[in-house]
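S.K.: Just dropping this structure here.
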Amino acid sequence: MRIAIAGAGIGGLTAALALARAGREVTVFERATALTPVGAGLQLSPNALDVLDRLGVARDLEGRAVPAETVTLRRGSSGRAIARIPVGSQDGRGYLSLLRADLQDALLAGAQAEPRIELRFGHEILAARREPAWVLQFSQDHPAAHCDVLVAADGVHSSIGMLLGGAPARSEGVAAVRLRVRQPASPGIEAWLGARAHAVAYPVAAGRETNLVLIGPDAEVAEAPASFFDGWDKRLLGLIEAGDTLGVWPLLTRTPRWRAPGLAYLGDAAHAMLPYAAQGAAMAIEDGWVLASCLARSPDVERALHDYEAARATRVARVLSRVAFHRRVYHLPAPTSFARDLVLMATPAKRLNRQLAWLYDWRAPPIDFATD
């Protein structure tokens with residue numbers, strides 16, 4: 001079974017590592033000539049860490065990632081804490097915040113050390129057709145490649161999806177402004193909630209720096225983020241003032257799509273979602289492992305792809321439902337937001353944690369790793 005993965009991002013490299021550990025040969029095609037470090041941060045919940053631990057990647061994050069015990073929700077205007085939600089799993093697995101580049105480096109190092117993975121950078125896929133094996137065409141400098149299974153892990157603007165006639169991702173009318181603050185953050189994850197917008201801060205770079213994300217209406221927050229958040233908590237405004245802006249990202253989504261004959265989508269190429277539950281990277285990691293599990297278990301490609309969709313569709317739909325719930329609750333205007341705050345303050349922390357057990361307690365299905 002010849003397997004090709006389009007995209008050397010988090011989901012693509014996770015899938016490649018899991019497939020290789022199961023004894024499959026994998027070629028990863030990445031259009032960039034090299035993976036460049038990205039300064040933005042991300043959060044890894046216990047469900048994602050379960051996969052990374054099984055792949056041996058989690059240990060490579062030690063000394064760079066920062067453990068978190070809670071997510072503290074604050075009122076945007078005053079900074080008053082309205083809830084502290086424990087974010088560990090029921091069996092004690094933790095939660096990390098880190099730079100995206102640190103996770104990318106750990107996954108890439110694992111892939112480079114794996115003899116069953118071939119990494120081909122500078123390979124932009126210009127055409128893909130199935131006859132019945134997939135034929136991938138690149139620029140004239142690279143020969144065509146052939147594979148039995150094609151994995152589209154090439155992001156929200158998936159080239160594979162577009163080449164095959166898929167619809168582009170949808171704009172949600174909101175944007176994320178990402179800032180890197182070169183000063184330590186408070187422990188854990190903090191989120192300031194306000195009408196039409198919210199902000200999230202957490203430690204990265206072994207706790208030496210703070211990752212700050214401002215999310216609000218795209219035109220307004222992108223043009224002048226400091227002005228948009230004027231009147232919010234003074235500590236948040238201090239972080240905005242001290243931060244170096246890394247860029248503005250319009251937030252895009254798509255209706256989930258999972259497979260076509262001989263083809264699987266994963267990560268943002270499958271189900272780009274808003275970041276309100278901090279599960280974008282985690283779902284890509286889960287996707288990569290589950291796809292590898294299905295392909296390793298069944299010699300029938302179409303059966304494996306059907307099993308992959310069956311395993312992922314319901315779970316991702318539930319995550320998307322939670323994302324939509326957070327979007328409504330986080331951005332409530334007054335006076336409705338006061339009722340939200342009272343409910344959160346009256347709810348025991350353990351109950352808030354149990355409400356997320358279905359998400360954080362997920363465990364990766366088994367893969368029999370090859371021994372040779």
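S.K.: Within the bounds of the range 137-147, is there any residue that is of a type in the set (D, E, K, R), farther than 30 Å from ALA226 by Cα and exposed (fewer than 15 other Cβ atoms within 10 Å of the Cβ)?
M.R.: For the range 137-147, residues of a type in the set (D, E, K, R), farther than 30 Å from ALA226 by Cα and exposed (fewer than 15 other Cβ atoms within 10 Å of the Cβ): present.
S.K.: I've got another one for you. Of the residues ALA68, ALA128, ALA106, only one is touching a Ser or Thr at 6+ places or on another chain (Cβ under 9 Å), crowded, with 16+ Cβ neighbours inside 10 Å, among the hydrophobic types (A, V, I, L, M, F, W, C) and farther than 30 Å from ASP230 by Cα; which?
M.R.: Testing whether each residue is touching a Ser or Thr at 6+ places or on another chain (Cβ under 9 Å), crowded, with 16+ Cβ neighbours inside 10 Å, among the hydrophobic types (A, V, I, L, M, F, W, C) and farther than 30 Å from ASP230 by Cα leaves just ALA128.
S.K.: Answer yes if at least one residue in the range 349-359 is part of a loop (DSSP other than H, G, I, E, B), closer than 18 Å to VAL71 by Cβ, in contact (Cβ under 8 Å) with a residue 40 or more places away in the chain and not basic (Lys, Arg), and no otherwise.
M.R.: The answer is yes, given that some residue of the range 349-359 is part of a loop (DSSP other than H, G, I, E, B), closer than 18 Å to VAL71 by Cβ, in contact (Cβ under 8 Å) with a residue 40 or more places away in the chain and not basic (Lys, Arg).
S.K.: Still on this model: Which of the strands (runs of 3 or more DSSP E) contained wholly in the range 1-90 include at least 2 residues that are touching a residue at least 60 places away in the same chain (Cβ under 8 Å) and farther than 24 Å from GLN112 by Cα?
M.R.: By residue number, 70-75, 81-86.
S.K.: Still on this structure, I have one more. Starting from the range 215-234, take each residue that is farther than 20 Å from LEU251 by Cα and modelled with pLDDT of 90 or more and list its partners that are in a helix (DSSP H, G or I) and of a type outside the set (Gly, Ala, Ser), counting only C-beta distances under 8 angstrom and pairs at least six apart or across chains.
M.R.: ASP230/LEU237
S.K.: Now for a separate question. Just to be sure before I move on: is PRO143 in a loop (DSSP other than H, G, I, E, B) and more than 26 Å from ASP268 (Cβ to Cβ) in the structure I sent?
M.R.: yes
S.K.: Same structure again: Just to be sure I understand, how many residues within the range 91-102 are under 28 Å from ALA349 (Cβ atoms), in contact with a strand residue (DSSP E or B) (Cβ under 9 Å, 6 or more places away or on another chain) and either of a type outside the set (A, V, I, L, M, F, W, C) or part of a helix (DSSP H, G or I) (or both)?
M.R.: 3
S.K.: Mind checking whether some residue in the range 296-303 is over 24 Å from the mean Cα position of the chain (by Cα) and closer than 23 Å to ALA48 by Cβ?
M.R.: yes
S.K.: Can you tell me which condition GLU223 does not meet? The list is (1) under 23 Å from the mean Cα position of the chain (by Cα); (2) closer than 27 Å to SER78 by Cα, and all the others hold.
M.R.: Unmet condition: (1).
S.K.: Tell me whether the range 344-355 contains one or more residues that are modelled with pLDDT of 95 or more, β-branched (Val, Ile, Thr), surrounded by 13 or more Cβ atoms within 10 Å (Cβ to Cβ) and closer than 27 Å to ALA272 by Cα.
M.R.: For the range 344-355, residues modelled with pLDDT of 95 or more, β-branched (Val, Ile, Thr), surrounded by 13 or more Cβ atoms within 10 Å (Cβ to Cβ) and closer than 27 Å to ALA272 by Cα: absent.
The values are calculated or read from the model by the stated rules, or taken from the named source; none is laboratory data. What you see is a predicted model, and the numbers here were worked out from it, not measured in a lab. Neighbour counts run over all protein chains shown; Cβ positions are idealised from the backbone, glycine included.
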